Amino acid sequence: MVWEYKDVYVRTTISKINQSLIPDMYDFMRENYSNFTWEFSPIVPAGLNKEVAKAMLPDAELFCQSAIQIFHHWLEHNPIEIPLFTEIMKYCLELNIPPEIMQPRLNVGHDGMIYRCPLLIGNQNYKIGKYYESSTLVAFRKIDCVWRRISKPECFECKYNRFCCFSSCAYLAVSLDGIEGIVDFYCKLWTTMYTEICATVNRELHIATP
Ligand code: SF4
Ligand code: SF4
């Protein structure tokens, strides 16, 4: 089959329903075309009833197993770009230390208002002001993404917080707050993969992890 497009960016949200297909998704992209960029993450159930949202989350252990399996294949063959792996590896190699707390991107909603997060456009609680008023820009420049509504004490000492972003992302806080055990769930889901990637980098490239 001949593919007539290039540089395809795929973002996959994983839920309980599609999680068994994660390896198949990866296989499809690597076998059919080399210029895929693939992001995958558990579904962020914004706006859903918290019980419904919780029921949709993937099984953390299975998700993590699939991600690690894909990581090892990817590291050896590098068939497509997976920014999640690249970023964590760079961090482990100390080539790129992403800021732990992000600055919001300037964004204007359809209503002419600036919001503190592009993903929260339209949510009046996160509105800063009219885009054409200089006071709005002054206020925008002063804010960052700190939002300590969800997190657990360990997150503040954790070197992976810059990837989890629990204490530093208004959008995640709004979407996930109120789901019982949500931080523990994400911790279980991601920590083993972070650790495995850093251990692999350390083992294969003989460079100490931070
Ligand atoms: S890995 Fe666990 S402890 Fe570390 S930031 Fe993520 S959720 Fe918090
Ligand atoms: S609040 Fe979260 S999603 Fe929004 S800009 Fe900040 S880090 Fe990004």
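Determine, at each q value in 0.16 (inverse angstroms), the log₁₀ of I(q)/I(0) that the Debye formula gives when each Cα of the stretch 73-131 is one equal point scatterer. Reported log10 I(q)/I(0), two decimals: -0.67.
Dividing the C-alpha radius of gyration of the chain by 2.2 N^0.38 Å, with N its residue count, gives 1.12. Compactness of the stretch 118-204 was expressed as the Cα radius of gyration divided by 2.2 N^0.38 Å, which yields 1.39.
On a per residue basis, the convex hull of the C-alpha atoms belonging to the stretch 1-121 measures out at 170 Å³. Calculate the length of the line joining the C-alpha centroid of the stretch 61-137 to that of the stretch 12-53, in whole Å. Centre-to-centre distance over Cα atoms comes out at 16 Å.
Stretched out straight at 0.36 nm per residue, the stretch from E196 to E133 would grow longer than its current Cα-Cα span by 17.9 nm.
Helix hunt in the chain: which complete DSSP H runs extend at least 27 Å axially by C-alpha with mean Kyte-Doolittle at least 0.0? Membrane-span-like by this criterion, though nothing is claimed about a membrane: 182-205. Sites listed here are trypsin sites (Lys or Arg not before Pro) in the stretch 1-107 whose DSSP assignment is loop and whose Cβ has at most 14 other Cβ atoms within 10 Å: K6, R105. Loop-located GluC sites (Glu not before Pro) across the stretch 122-187 with a Cβ neighbour count of 14 or fewer within 10 Å are E133, E180, with loop assigned by DSSP. All other residues whose Cβ lies under 14 angstrom from that of P104 are scored, Lys and Arg at +1 and Asp and Glu at -1, for a net of +4. Full extension of the chain between D111 and K90 yields a length gain of 3.7 nm, computed as 0.36 nm times the residue separation minus the alpha carbon distance. Projected label points at F28 and N125, each 7 Å from Cα along the beta carbon direction, are separated by 3.6 nanometres.
Read-outs throughout are calculated quantities, based only on the coordinates presented, and are distinct from any laboratory measurement. This structure is a prediction, so every number in the text was calculated from the model and none was measured. Because the Cβ atoms are built from the backbone with ideal geometry, glycine has one as well, and the counts that use them run over all protein chains shown.
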